[in-house]
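For reference, the structure is listed below as structure tokens.
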Amino acid sequence: MSQTVKLLSIDGGGIRGVIPAVLLAEIEKRTGKRTAQLFNLIAGTSTGGILALALTKPDAKGEPQYSAAELVSFYIEQGEKIFSRTLWHKLIAAGNLIETKFPASGIEQVLDAFFGDARLADAVTDVVVTSYEIERRQPFLFKSSNAKLLTGYDFPMKTVARATSAAPTYFEPLKLAVTGTNDYYALIDGGVYANNPAMCGLVEARTRYPQANNYMAVSLGTGELTRAIPYDHARKWGVAGWAKPVLEIVLDGVSSTVDYQLRNVLKNYHRFQTTLQPDLQQMDQTGSAHLRELKLAADAFVKSRSGEIDQVCAQLVG
């Protein structure tokens, strides 16, 4: 009997996670189903990792608790708390030169309230969330499949969400204790190697479902950067000048590279990535006017790709 394994992948991008959330809300509206009910596996990085976990968090009945529309509201209502800092923090951080731009307290409070006591093994659909271990210098993948088999890998969802979103210069790394030992993992945002986690998701899907004869992948971006870096500026930059731009280049470059790879590996592949104007490209801008413009851009993008979204919905429920 033929089987098609359906994979959803969600990029990192901070507050721009509102873009894939809007698109998923449209897919849920058209199909009448929750995202976790439409896909066999969901992969996410950073803000995409938070979305992946939220979409698979169970309620008291074991059903997906949050709709994608509720996650759009999550960004609008909680974004300012996540990306918040006191005047004192601004002073001791010297803007962002000698310390992370934001204290971890804001994002940790939001994630604690949002995920509660849910654990990775509770995910109602297979989920893969990326992070990077900076002491061992290797990728670290949180997998619900591992969490269900090995209690030592069954971490709280809020902790997994914190690890995948620990973007360098924005938030401090997460120190994650290893159960039953004195050891720990030192984790940062998985976007440094897999800001587009679609290939990680595809490898996991092939491992989890080796008998499948077809793999469908839906990959959601958080907006392609268009702001140019003039040569005459960059040629004289040192460490301070390159610190912020190089992170943006890594995140955007990795996403585009994986998109190229998937287009050449899979026949049934759909990439939804919009182009953002320069004033909407920041990952940490949470003012009401900015969020409104970001959502309007997402709505316009959904409208422009309505035909392909219909095709995807038909395959997901077919």
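The criterion of at least 1 residues that are surrounded by 16 or more Cβ atoms within 10 Å (Cβ to Cβ) and in contact with a helix residue (DSSP H, G or I) (Cβ under 7 Å, 6 or more places away or on another chain) is met, among helices (runs of 4 or more DSSP H) falling completely within the stretch 208-318, by 239-265, 288-304, 306-317. In this structure, does Asp183 turn out to be of a type in the set (Asp, Glu) and surrounded by fewer than 17 Cβ atoms within 10 Å (Cβ to Cβ)? The answer is yes for Asp183.
Condition first: modelled with pLDDT of 95 or more, open to solvent by 30 Å² or more (accessible area, probe 1.4 Å), under 30 Å from Gln273 (Cα atoms) and within 18 Å of the chain's Cα centre (by Cα). Can you find one or more residues in the stretch 140-157 that meet it? Looking for residues that are modelled with pLDDT of 95 or more, open to solvent by 30 Å² or more (accessible area, probe 1.4 Å), under 30 Å from Gln273 (Cα atoms) and within 18 Å of the chain's Cα centre (by Cα), one finds at least one in the stretch 140-157, hence yes. For the stretch 1-12, give me each residue that is at pLDDT 95 or above and not β-branched (Val, Ile, Thr). Result: Lys6, Leu7, Leu8, Ser9, Asp11, Gly12. Put simply, of Gly62, Gly12, Gly48 the only residue that is touching a residue at least 40 places away in the same chain (Cβ under 8 Å) and farther than 26 Å from Ala289 by Cβ is Gly62. The conditions of being aliphatic (A, V, I, L, M), surrounded by 19 or more Cβ atoms within 10 Å (Cβ to Cβ) and either at pLDDT 95 or above or closer than 24 Å to Ala54 by Cβ (or both) are not met by Ile134.
Given the criterion modelled with pLDDT of 95 or more, within 26 Å of Ala167 (Cα to Cα), in contact with a helix residue (DSSP H, G or I) (Cβ under 7 Å, 6 or more places away or on another chain) and surrounded by fewer than 16 Cβ atoms within 10 Å (Cβ to Cβ), identify the matching residue among Ala69, Ala54.
Sole residue among the options that is modelled with pLDDT of 95 or more, within 26 Å of Ala167 (Cα to Cα), in contact with a helix residue (DSSP H, G or I) (Cβ under 7 Å, 6 or more places away or on another chain) and surrounded by fewer than 16 Cβ atoms within 10 Å (Cβ to Cβ): Ala69.
A single member of Ala166, Ala186, Ala212 is small (Gly, Ala, Ser), under 26 Å from Ile249 (Cβ atoms) and over 14 Å from the mean Cα position of the chain (by Cα), and it is Ala186.
In contact (Cβ under 8 Å) with a residue 12 or more places away in the chain, assigned to a strand (DSSP E or B) and among the aromatic types (Phe, Trp, Tyr): is that true of Tyr193 in this structure? Considered against the rule, which asks whether it is in contact (Cβ under 8 Å) with a residue 12 or more places away in the chain, assigned to a strand (DSSP E or B) and among the aromatic types (Phe, Trp, Tyr), Tyr193 comes out as no.
Being at pLDDT below 95 and among the polar types (S, T, N, Q) is not true of Gln273. For the stretch 185-225, the tally of residues that are among the polar types (S, T, N, Q) and touching a strand residue (DSSP E or B) at 6+ places or on another chain (Cβ under 6 Å) stands at 3.
Scanning the stretch 169-180 for residues that are polar (S, T, N, Q) and either buried (at least 21 other Cβ atoms within 10 Å of the Cβ) or over 24 Å from the mean Cα position of the chain (by Cα) (or both) turns up just one, Thr179. Checked against (1) modelled with pLDDT of 90 or more; (2) in contact with a Gly (Cβ under 6 Å, 6 or more places away or on another chain), Leu251 meets all criteria but (1).
The values are calculated or read from the model by the stated rules, or taken from the named source; none is laboratory data. These figures come from a predicted structure and were not determined experimentally. Every residue, glycine among them, receives a Cβ derived from its backbone with ideal geometry; neighbour counts consider all protein chains shown. Surface accessibility is based on the protein's heavy atoms, side chains included, excluding ligands, DNA and RNA. Shrake-Rupley method; radii C 1.70, N 1.55, O 1.52, S 1.80 Å.
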